[in-house]
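The values are calculated or read from the model by the stated rules, or taken from the named source; none is laboratory data. This structure is a prediction, so every number in the text was calculated from the model and none was measured. Every residue, glycine as well, gets a Cβ built from its backbone with ideal geometry; the counts of neighbours run over all protein chains shown.
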């Protein structure tokens, strides 16, 4: 009963957040999600901030549950990631023919995707590199000596991963028996909030500047978003999007129930696999967090499903909504349970990190995009800035501002590059944290350094060569 009631309180926070977003202009301008707004309402009015004077006297057991929820809910969230992949069926359909004319993307598209992925690698891993480096700098200069081994990664995690990454970092450190996991989770929530707001405001500034200088392809002057996008709801029934396809019939099983069972079932298999590995005490991989197993297991399950020709049974819109639902609850729970006192004890070093890493993110995305993208560079730069300071949706919002009808190929290239970057980030996190905790800062900094080099190589491979070194507005490119 307590679990149900505590969840109902989180639902209350989400609804309050949605109402405030719909009514307050400032919240509409910065596109702050209802889960973030609701989470801060629960935090500010609860016992963590007001102590004995709390307007919402949430029991301590609820707060403890909320702190654990992000690490739990992130498992089904990451379990949905492989479901967007396309694998070939093992069965060849009768009468099927191979289309040789349109079987592969063009070299132009592949090069653009390589550059996009390379830039995302450099920005996201550059954030991690700077975080680890500044932690080391704090220690040797005596600025602060009480930082923990993974301190600083929260900035890159919050900026490039958003609020949902708080659960990833928290669960990872908790699985490694690190006592500061809750503090790291709270700091990630803080950096994610600052990053999202700052990214949107700076992104809008860059779009305005680009429109004035005629850098944008589709925008002659900055335009406003539709009111429904600002408010966060669509009241026109005719314009409301469809939730997804009903791949099963309710006479057997409800479609939403089936998709939820599929995702949670895969998560359960991941838990079972982890328990077997821990039972036999398998070295190294027994310390890998549960969400990493969820990705691996679901990739295998989805590969089998696609191989059997059953991919039609899963609708990616529905699984995406399931992922978003769990993320919203994870975010509101993480913020409502944020250990404010512990986070404030690191406020100054984290603030300095956010300013420096934020400046790197802004100038890095702008310069790299202008330097290495052949076309639509301003559209690509704001999309990368948005996702490198918030979440994918933040980048999508800024991209839509410059390309309202998505006429350019930027969305496709951005989506693929983001997916590759996200999968790599999930894979390297356990190794990065393992090195930082067990081997030290210098060993831990190797992983982001290697990925930055890989990003530079991708840009070098994808960068088009100018014919005859002709530099002109109409220069041709060799692909």
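Some notes on this structure:
- Breaking point among (1) modelled with pLDDT under 90; (2) assigned to a helix (DSSP H, G or I); (3) over 26 Å from residue 364 (Cα atoms), for residue 208: (3)
- Residue match in the stretch 345-357 (condition: part of a loop (DSSP other than H, G, I, E, B), at pLDDT below 90 and touching a helix residue (DSSP H, G or I) at 6+ places or on another chain (Cβ under 7 Å)): no
- Selection of helices (runs of 4 or more DSSP H) fully inside the stretch 1-55 by the criterion of at least 2 residues being in contact (Cβ under 8 Å) with a residue 24 or more places away in the chain and over 17 Å from residue 68 (Cα atoms) returns 2-23, 25-29, 34-45.
- Long-range neighbours under 6 Å by Cβ, at least six apart or interchain, first residue touching a residue at least 60 places away in the same chain (Cβ under 8 Å) and on the phi > 0 side of the Ramachandran plot within the stretch 167-183, second in a loop (DSSP other than H, G, I, E, B) and surrounded by fewer than 23 Cβ atoms within 10 Å (Cβ to Cβ): none
- Of the residues making up the stretch 450-461, not a single one is surrounded by 16 or more Cβ atoms within 10 Å (Cβ to Cβ), in contact (Cβ under 8 Å) with a residue 12 or more places away in the chain and either more than 11 Å from residue 121 (Cβ to Cβ) or within 16 Å of the chain's Cα centre (by Cα) (or both).
- The single condition among (1) on the phi < 0 side of the Ramachandran plot; (2) surrounded by 14 or more Cβ atoms within 10 Å (Cβ to Cβ); (3) touching a residue at least 24 places away in the same chain (Cβ under 8 Å) that residue 244 does not satisfy is (1).
- Scanning the stretch 443-478 for residues being assigned to a helix (DSSP H, G or I) and at pLDDT 85 or above gives a total of 18.
- No other residue among 261, 257 is within 23 Å of residue 312 (Cα to Cα), modelled with pLDDT of 85 or more and loosely packed, with under 13 Cβ neighbours inside 10 Å apart from 257.
- Selected residue (only one of 343, 332 is under 22 Å from residue 40 (Cβ atoms) and buried (at least 24 other Cβ atoms within 10 Å of the Cβ)): 332
- All positions within the stretch 229-259 that are assigned to a helix (DSSP H, G or I), under 27 Å from residue 296 (Cα atoms) and touching a helix residue (DSSP H, G or I) at 6+ places or on another chain (Cβ under 6 Å): 259
- Some residue of the stretch 288-310 being free of Cβ contacts under 8 Å to residues at least 60 places away in the same chain and either touching a strand residue (DSSP E or B) at 6+ places or on another chain (Cβ under 9 Å) or in a loop (DSSP other than H, G, I, E, B) (or both): yes
- Matching residues, the stretch 367-395, being out of contact with any helix residue (DSSP H, G or I) (no Cβ under 7 Å at 6 or more places or on another chain) and either modelled with pLDDT under 85 or at positive phi (or both): 374, 391, 393
- The sole residue among 187, 197 that is at pLDDT below 90 and surrounded by 14 or more Cβ atoms within 10 Å (Cβ to Cβ) is 197.
- Per-region count, the stretch 31-59, residues out of contact with any helix residue (DSSP H, G or I) (no Cβ under 8 Å at 6 or more places or on another chain) and under 22 Å from residue 188 (Cα atoms): 1
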